[in-house]
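Heads up: the structure comes next, in structure tokens.
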Amino acid sequence: MPRILFPWTLVGMLLLNGCAAPTASDQPASTPTPLATGLEAPWSMVYAQGSLLVSERDSGRIVEILDSGQHQEVARVDGVAAQGEGGLLGLAFLAPNQLYAYSTTESGNRIQQFTVQGTTGSLSLSAPRTLLSALPSASIHNGGRLAVGPDGMLYASVGDAADPQQAQDLQQLGGKILRMAPDGSIPDDNPFSGTYVYSYGHRNVQGMAWSSDGTMYASEFGQNTWDELNIIEAGGNYGWPLVEGSGGTTDQYTDPIAQWAPSEASPSGIAIVDDTLYVANLRGALLRSVSLDSPDSQSELLEGEHGRLRDALLSENGDLLVLTSNTDGRGNPTPQDDQILGIKLVPQSPTG
């Protein structure tokens, strides 16, 4: 049975400001309810053995969210050097008990593996095993998102670390999405022999998720022109720094399926519910829904209501969790920040 319960009633529809009228793929939602408050620069959410875990970028803590909304420290990751956008970033979990964490150190970014121990409400972690270290790092563009794919492999986004040229260099790991086996080895079926590189030409991928048919999607920070939502294919070149947004004149680079002005987006974590993809936006301070059947069909939710949004996750109850990011030095925190917001999703039939 899921541990996190959401005692909400459906009290109204969110105001949809947006680009298109609702379609069958849209999922209007109830008014958000805080599930937890008082988090410090949180970055990633993941379920592990029925418990909801959250990483805190600057403190290096992993905390467990209790039924009461309180949080208890599961671990404080050693060696985290929080500077700028770096620190303790993405988390991923592989059943039955393996937790992965991406963090910045003085000598670069790294990916570590932990064994989850204990029981719900009092979890702890084993000593870490470092799978990959000395990944490119800087005060900006560290990447940091981790996700376990439907193939059971671990995917990691590595930013260009303020060195755009390495994104096109297959001999370097910056500006890439990496794919590795759960033990940290390079899978034999990776698109480029002998390397973790799965896709390249990325500036700073911040969200990764898969639809029910196994299609991989990723959100990415642009520079000054376009933020992107991409379908990720093995071996694909996504153009950075030669192309930002749709290339238009060549099939050498894979074009995004949706793009937005950075001032309106800065897309971070993503979650897929049925045939709708939800994007948490930082600078745009909103949650955007995108129909996967028709990516031009979009709606903007929560616009300006809760500040910067860092991550989105489908809960074990089928509700949507959204993580705010107002205590990271770039937001305007309220006394409640940072928060996990719970949204009860309601399927909507097409109208016409």
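The values are calculated or read from the model by the stated rules, or taken from the named source; none is laboratory data. Keep in mind that what you see is a predicted model, and the values were worked out from it rather than measured. Cβ: placed from backbone, ideal geometry, glycine included. Neighbour counts: every protein chain shown. All accessible areas refer to the heavy atoms of the entire protein, side chains included, with ligands and DNA or RNA removed. Shrake-Rupley method; radii C 1.70, N 1.55, O 1.52, S 1.80 Å.
Which one is nearest to GLY222 (Cα to Cα) among residues in the range 128-152 that are outside any strand (DSSP E or B) and open to solvent by 40 Å² or more (accessible area, probe 1.4 Å)? Residue satisfying both the conditions and the ranking: ILE140. A residue that is open to solvent by 40 Å² or more (accessible area, probe 1.4 Å), among the acidic types (Asp, Glu) and touching a Ser or Thr at 6+ places or on another chain (Cβ under 9 Å) occurs nowhere in the range 297-319.
Among the residues of the range 55-69, just one is open to solvent by 60 Å² or more (accessible area, probe 1.4 Å) and modelled with pLDDT of 95 or more, namely ASP58.
Among the residues of the range 204-226, which ones are touching a residue at least 60 places away in the same chain (Cβ under 8 Å), open to solvent by less than 30 Å² (accessible area, probe 1.4 Å) and of a type outside the set (A, V, I, L, M, F, W, C)? Result: ASN204, GLN206, GLY207, SER211, TYR217, SER219.
Residue under question is THR276, and the condition is that it be farther than 25 Å from ARG57 by Cβ, crowded, with 19+ Cβ neighbours inside 10 Å and touching a strand residue (DSSP E or B) at 6+ places or on another chain (Cβ under 8 Å); does it hold?
yes
Look at (1) small (Gly, Ala, Ser); (2) at negative phi; (3) outside any strand (DSSP E or B); (4) modelled with pLDDT of 95 or more and you find that SER157 fails only one, number (3). Looking only at the range 199-224, residues that are at pLDDT 95 or above and over 23 Å from THR276 (Cβ atoms) come to 6 in all.
Results for (1) assigned to a strand (DSSP E or B); (2) modelled with pLDDT of 95 or more; (3) over 27 Å from ALA156 (Cβ atoms), shown as yes or no for each residue.
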site: GLN259; (1), (2), (3): yes, yes, no
site: VAL290; (1), (2), (3): yes, yes, no
site: SER294; (1), (2), (3): no, yes, yes
site: HIS306; (1), (2), (3): no, yes, yes
site: ARG310; (1), (2), (3): yes, yes, no
site: LEU323; (1), (2), (3): yes, yes, no
site: GLN348; (1), (2), (3): no, no, yes
